[in-house]
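What follows is a single structure, written as structure tokens, with notes after it.
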Amino acid sequence: MRTAKEWKKIYTDSEFYRTNIYEGHDLGVRCTADGTTFLLWSPCAESIILYLYKDGNSGNAYRKISMTRK
């Protein structure tokens, strides 16, 4: 887990902005007859867990899914 100071150093580095710009238009949720796809972009993430709730974000998540990098 990185500290706030470490994150600030990462995000204020001009190299980060030069090499980590996402210009696509396909992020978010896509629902089709074949299923639901969640697409996000996070170059610094070490792991992502998607929490699913029956009623928005109240109560406990009924499912937690570890997302995979593709």
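None of the figures in this text is laboratory data; all of them are computed from the coordinates on show. None of these values were measured; they are calculated from a predicted model. Neighbour counts run over all protein chains shown; Cβ positions are idealised from the backbone, glycine included.
Converting phi to 3J(HN,Hα) with the Karplus coefficients 6.51, -1.76 and 1.60 and the offset θ = phi - 60°, the range 21-35 yields 9, 9, 10, x, 10, 10, 7, x, 10, 10, 10, 9, 5, 7, x Hz in sequence order, with x at every glycine or proline.
For I48, the residues whose amide H sits under 5 Å from its own are M67, ignoring neighbours fewer than 5 places away on the same chain, with H placed 1.01 Å from N. Between Y53 and T32, the simple spin-label model (points 7 angstrom out along Cα→Cβ) gives 2.9 nm.
Note the per residue figure in Å³ for the convex hull of the C-alpha positions in the range 21-65. Don't skip to the answer; put the middle values down first.
Details: hull volume 5.1 nm³, N = 45.
Enclosed volume per residue, from the Cα hull, is 114 Å³.
Just add up the charged neighbours of L52: K/R +1, D/E -1, any other residue whose Cβ is under 9 Å from the Cβ of L52.
+3
This model, with +1 at the C-beta of Lys and Arg and -1 at the C-beta of Asp and Glu, gives the chain a dipole about its Cα centre of some 240 debye.
For every helix of n ≥ 4 consecutive DSSP H residues, a contribution of -39,500 (n - 2.57) applies; sum these over the chain, divide by its total residues, and give [θ] at 222 nm rounded to the nearest 500 deg cm²/dmol. Here the helix-only value at 222 nm equals -5000 deg cm²/dmol.
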